[in-house]
Amino acid sequence: MIKYLIFTILITFSLTVHPYEKTVLLRGGATATFGGVKSFDDSDNYFWGGGINANAGYRFSNLTIKGYNFNRFEINASGNSYWGKINHIKSELEHVAVDGTAAVRTFVIAVYLKYHFDTLYKKIWQPYVGLGPSWSQHTLKMKDYQVTKGSFNGNNRIAYLTEGATLVFGIEENLPYKEMHPVFMEFTYTFTAAQKVSLLDASNHKEIESIEYENIDKHVYSHIIMFNMGMTIF
Amino acid sequence: MKIIIVFILFILQTSFLFAQTKADLYKYQQVNEQQKSRPTKYHFGYPEKEHSTGQIFKDVGFAYALTWIFYPLTQPETVGQKGSWDKYQDNLGKIVFDHDAPFWNVMVHPISGSQLYLYYRANGYTKEQSFLLTTISSAMFEFTVEVYTEPASAPDLFNTPVLGSILGYGIENLSMYLLNTGNPLGRFLGHVINPSTFFWFYDGKMIITPDISKDGQAMFKLYMDF
């Protein structure tokens, strides 16, 4: 609580002290996703989907330390929400096991450090690369499923909480003003391992309850490739 | 058939007899002939100004106080049945991925974030400052208000300020366009989607008055009261 208060006070003071108008960036756009999940059985299950992405970045435009200017670096917090379909997945908890096709809803948060390279092609396009940790939650709504243990119905959902890392590479327009809404296109590769699987009761859509959950000690992981395209909003 | 012909002839005759010129027809209305638009009494915009640290704390504090009022008002069942001070202590400092339906994460939280963003914009902050202050306000709500019922949610911490500011930027542009049309319905909708323009802290409403300069040039003067 105290750490949080100190953080808040620092941010508030920084608003009056540091020149930040050109360093804080907000971007948004669309995302197309393809990935694979290694679940509780040996087969690899593939999914694809689409959704939205948004990211907030802080570019170190005015930071110079011992003669080195850090304006090529940017710290970014990115969020992707997408909806898709997975052809076959098996999920297993202590009292429930179910397999079948599923509609998947995923939210991925990644925090990464980006490095911008020199511009290409008439100094318009600037490539960049980024790396950092990520966390995601995949919520599965089973369709055409088979219950092999316990009880499971259409109001139940399975949720996986995963954590891992994200690698980003893309290009962005190098325009003199961000008010010109520079466009970006990027590929991100996210590799995450499941930490927790939960069985949810979604019979009341306003209040989704967790019935049972289990910390994963088996190797359940996912590879996600996302193509994001969007622009700087401000 | 005869009745129809007589009726048509009657309409034509009365049209010729009581024909009005365009000047007569619109003589009680003012029209901007060049732009073919309504002349407007007010111009709506977002003037940006410097804020002292005390003013920033005051504005953030006001928004924070409102969250304590709006949360139990908008979710009385959740607060009444699921909230407690014991839970408040247990949830303090925790961050989880909640299991809320997309309706909450992708609609309600961005809408709340957009209104917070527009509140700060109405107070004269720049877009970047408004985004940062929305982040702070959202985090304060998640970590110190909503913990009465559930731990702070990571998707909400991200979606409220980021998606909310993007949505707020869109609402800001749309509401300014609607408010500046001079159209009564446009002004009504412009205020409805951007309620912060109703309140005393919004100082972007400028009165447009015609004036003549010293050397005889006609001009418009924008008068802003703050």
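Where a number appears in this text, it was derived from the coordinates with a stated rule and is not lab data. Being a predicted model, the structure only gives us computed values, none of them experimental. All Cβ positions, even for glycine, are placed from backbone atoms using ideal geometry, and neighbour counts span all protein chains on display.
Points to keep in mind about this one:
- Selection status of B:S114, in contact (Cβ under 8 Å) with a residue 24 or more places away in the chain and facing chain A (nearest Cβ under 10 Å): no
- Selected residue (only one of A:L175, A:L161, A:L199 is crowded, with 16+ Cβ neighbours inside 10 Å and more than 23 Å from A:G79 (Cα to Cα)): A:L199
- Within segment A:149-158, the set of residues being surrounded by fewer than 16 Cβ atoms within 10 Å (Cβ to Cβ) and assigned to a loop (DSSP other than H, G, I, E, B) comprises A:G150, A:S151, A:N153, A:G154, A:N155.
- Matching residues, segment A:170-192, being touching a Ser or Thr at 6+ places or on another chain (Cβ under 6 Å) and either assigned to a loop (DSSP other than H, G, I, E, B) or more than 21 Å from A:A32 (Cα to Cα) (or both): A:N174, A:K178, A:H181, A:P182
- Those residues of segment B:117-127 which are closer than 15 Å to B:V162 by Cα and either among the hydrophobic types (A, V, I, L, M, F, W, C) or facing another protein chain (nearest Cβ under 7 Å) (or both), in sequence order: B:L118, B:K127
- Subset of segment A:214-225 that is surrounded by fewer than 15 Cβ atoms within 10 Å (Cβ to Cβ) and under 22 Å from the mean Cα position of the chain (by Cα) - its residue that is farthest from A:E92 (Cα to Cα): A:I225
- Some residue of segment B:159-175 being of a type outside the set (S, T, Y), away from every other protein chain (no Cβ under 11 Å) and in a helix (DSSP H, G or I): yes
- Filter result for B:S130 (more than 10 Å from chain A (Cβ to nearest Cβ), hydroxyl-bearing (S, T, Y) and out of contact with any His (no Cβ under 8 Å at 6 or more places or on another chain)): no
- Flag if A:S91 is hydroxyl-bearing (S, T, Y), closer than 23 Å to B:F97 by Cβ and away from chain B (no Cβ under 12 Å): yes
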